[in-house]
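**Student:** Can you read through this structure? Questions will come right after.
The values are calculated or read from the model by the stated rules, or taken from the named source; none is laboratory data. What you see is a predicted model; the values in this text were computed from it and never measured. No Cβ is skipped: glycine too gets one built from the backbone with ideal geometry, and neighbour counts run over all protein chains shown. We work out accessible area using only protein heavy atoms, side chains counted, and drop any ligands, DNA or RNA first. Shrake-Rupley method; radii C 1.70, N 1.55, O 1.52, S 1.80 Å.
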Amino acid sequence: MNYKGEYIDRMAARVRELDTEIRELEELANKAVEEVKAEYREQINDLFLKKEELRDQVNKIQTAGGNAWEDMKAGAELSWEAFNEAVKKKSEQ
């Protein structure tokens, strides 16, 4: 497999990881008392949007021709880091 394909596979795995994190937060939200549920829902919504941003970056990389995907890789990495940091913060709360 070429480097681009390996990178896309790694990013797709990260998106699946994010789906798992969101599901875990949803389970916590469902168990929470009403006052906390709204806060969990807001956090879940924020994480979902960040995950979709990362998924869009991966899709753009998949369709990029030539070496353009290399330029897009930095944006995908930033999206991943932002999402990962958000998940960590929300899990610690």
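**Student:** Can you tell me how many residues in region 51-93 are among the small types (Gly, Ala, Ser) and crowded, with 17+ Cβ neighbours inside 10 Å?
**Tutor:** The total comes to 3.
**Student:** Let me ask something else about it. Take region 29-50 and flag every residue that is more than 16 Å from Ala74 (Cα to Cα) and surrounded by 17 or more Cβ atoms within 10 Å (Cβ to Cβ).
**Tutor:** Result: Ala29, Tyr40, Gln43, Ile44, Leu47.
**Student:** Then there is this: Enumerate the helices (runs of 4 or more DSSP H) found wholly within the chain, keeping only those where 3 or more residues are under 15 Å from the mean Cα position of the chain (by Cα) and modelled with pLDDT of 85 or more.
**Tutor:** Values: elements: 3-31, 34-63, 68-92.
Fully inside the chain and qualifying: 3-31, 34-63.
**Student:** Filtering region 12-28 down to residues that are within 12 Å of Lys51 (Cα to Cα) and in contact (Cβ under 8 Å) with a residue 60 or more places away in the chain, which residue is least open to solvent (accessible area, probe 1.4 Å)?
**Tutor:** Applying the filter and picking the extreme gives Leu18.
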